[in-house]
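Let me begin by presenting the structure, written as structure tokens, before commenting on it.
Each reported figure results from applying straightforward, stated rules to the coordinates on display, with no laboratory input. No experiment lies behind these values; they were computed from the predicted model shown. Backbone-built Cβ (ideal geometry, glycine too); neighbour counts: all protein chains shown.
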């Protein structure tokens with residue numbers, strides 16, 4: 001095993017080598033570069049990418065459970081994980097109860113927010129500026145901060161925002177940080193339509209106690225994975241494949257799926273007795289009769 005450290009130059013040089021397989025985790029934009037480079041050497045690829053993983057809180061959700069899991073999934077590592085809930089759709093009938101429970105859970109976990117020792121920092125200044133820019137753009141276009149919003153260098157408090165519209169950058173860009181847009185809905189079909197109108201997410205989370213409603217949402221959408229009444233945990237289960245679909249990734253890893261990803265299933269056949277020489281040319285009348293017999297046996 002060889003480990004090579006470096007940035008873009010090192011990665012570009014590695015991609016030019018004739019590997020059998022390339023495994024990449026990162027953004028869809030860089031994933032396209034990796035796939036294009038792999039095509040030059042006909043290397044196969046596994047791409048674990050990202051996207052805007054939506055979360056749905058249904059009318060019959062366990063509100064305290066939903067708040068606890070969503071707060072954990074969204075603010076673990078300050079939201080800088082590829083399967084963090086990007087935004088949450090909450091049914092109008094439970095919106096107030098959910099937001100109250102979510103705020104209480106965030107305060108219990110992180111206290112005053114940005115200064116909390118239990119909240120990770122934004123990875124670098126560039127990403128902190130990007131997140132600040134997303135928030136400023138949303139606020140300038142009519143969004144409201146209902147919790148948090150404080151940014152101090154690379155410290156950003158858990159932030160809840162509402163009144164998101166399609167004109168805002170945060171409605172399109174993967175957030176990858178501790179900002180959670182909350183979107184109220186009445187019609188679940190409108191929610192699944194909005195999810196399907198976008199690029200396919202790496203993860204989809206559904207909180208509800210109605211199995212029929214959960215199954216309907218799963219059937220109506222496409223995503224790399226689904227978490228029901230939980231977040232993030234599907235990534236850790238070694239019995240489940242982990243990967244995306246379309247713009248959120250290609251292929252899967254973890255557990256047996258990972259073994260197959262990094263292996264080649266090579267067929268090996270040994271001739272102990274094969275009847276095929278009986279129908280080798282020249283095609284005499286006898287050989288033709290045998291071919292007809294074989295065709296009849298094979299259907």
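Figures for the structure shown
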quantity	calculated
Between 0 and 90°, nearest 10: helix 125-140 axis offset from the chain longest Cα axis	60 degrees
GNM top mover of 56, 179, 250 - the chain, alpha-carbon springs below 10 Å	250
Tilt relative to the chain, helix 63-75 - C-alpha long axis, 0 to 90 degrees, to 10	80 degrees
Cα long-axis angle, helix 211-220 against the chain (0 to 90 degrees, to the nearest 10)	70 degrees
Inter-site label distance for residue 115 and residue 226 at 7 Å from Cα along Cβ, in nm	4.4 nm
Length-normalised contact order for the chain - Cα pairs under 8 Å, 6+ apart - percent	19 percent
Estimated distance in nm for a label pair at residue 60 and residue 193, the labels positioned 7 Å out from Cα along Cα-to-Cβ	2.4 nm
Pairwise label distance in nanometres, residue 268 with residue 209, each label 7 Å out on the Cα-Cβ vector	5.6 nm
Debye-sum result for segment 44-143 in log10 I(q)/I(0), which assumes one identical scatterer on each alpha carbon, at q = 0.12, 0.18, 0.19, 0.21 Å⁻¹	-0.48, -1.03, -1.12, -1.27
nm² value of the averaged projected area, convex hull over the Cα atoms of segment 171-239	5.6 nm²
Helix-only [θ]222 nm of the chain, DSSP H runs n ≥ 4, -39500 (n - 2.57) each, per residue, nearest 500	-11000 deg cm²/dmol
FRET efficiency estimate (nearest 0.05) - Cβ-Cβ, residue 25 to residue 169, R0 30 angstrom	0.80
Fluctuation leader among 284, 146, 236 - the chain, Gaussian network, Cα springs under 10 angstrom	284
Packing-based ranking, highest mean first, of 72-85, 182-195, 221-234, 264-277 given that Cβ atoms within 10 Å are counted	72-85, 221-234, 182-195, 264-277
